[in-house]
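What follows is a single structure, written as structure tokens, with notes after it.
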Amino acid sequence: GVTAKKYLEQIELIQWKIAQKTRELDRLKRLNRDDLKEKITVLEEEISADIASLYERRNEIVNRICELNNKLFIDILYRRYVIGEKNFFEIAYDMNYAYKYIINMHGVAIKLFEEIHHDILDGIQVE
């Protein structure tokens, strides 16, 4: 199984993989060699599949976050894990709450996510 944080961080991980593969694709294309054409095609197909996977996983995660049925918890987890806002100071400022309060509420939201989705989290293996 995985923790709620690890599960929610899948969006960021898939985006990172796509970025890495895209960099490699650009590098291969710049080399402009005939012997790399097949490798380029395979990489383009992988990137397309990863993008499809990203949208599917993102949608699944958003739906699971929304099952918390608490606007504050949903907002915090959505901003942090779906949008990818890393800075809790900015999240707190944007939401008009104290930093420590948002940190505490993030912890409560994560615990609630794990309680609600423990069966799903127990059955998931993340790379």
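The values are calculated or read from the model by the stated rules, or taken from the named source; none is laboratory data. If you're wondering where the values come from, they're calculated on a predicted model, not measured in any experiment. Note that we place each Cβ from the backbone using ideal geometry, even for glycine, and neighbour counts take in every protein chain shown. For accessibility, only protein heavy atoms count, side chains too; no ligands or nucleic acids. Shrake-Rupley method; radii C 1.70, N 1.55, O 1.52, S 1.80 Å.
log₁₀ I(q)/I(0) of the chain at q = 0.12, 0.15 Å⁻¹, via Debye over equal Cα point scatterers, no solvent, to two decimals? After summing over all Cα pairs, the log10 values are -0.56, -0.76. Packing-based ranking of 84-90, 106-112, 6-12 yields 6-12, 106-112, 84-90, ordered from highest to lowest mean Cβ neighbour count within 10 Å. When the P(r) of segment 57-119 is calculated, the portion above 18 Å amounts to 29% of the C-alpha pairs. Based on alpha-carbon atoms, the Kirkwood radius and the radius of gyration of segment 1-64 give Rg/Rh equal to 1.13. Beyond 16 Å, how much of the Cα-Cα pair distribution for segment 38-81 remains, as a whole percent? That fraction is 51 percent.
Ligands, DNA and RNA left out, the 1.4 Å accessible surface of the chain is 51% carbon and sulfur atoms.
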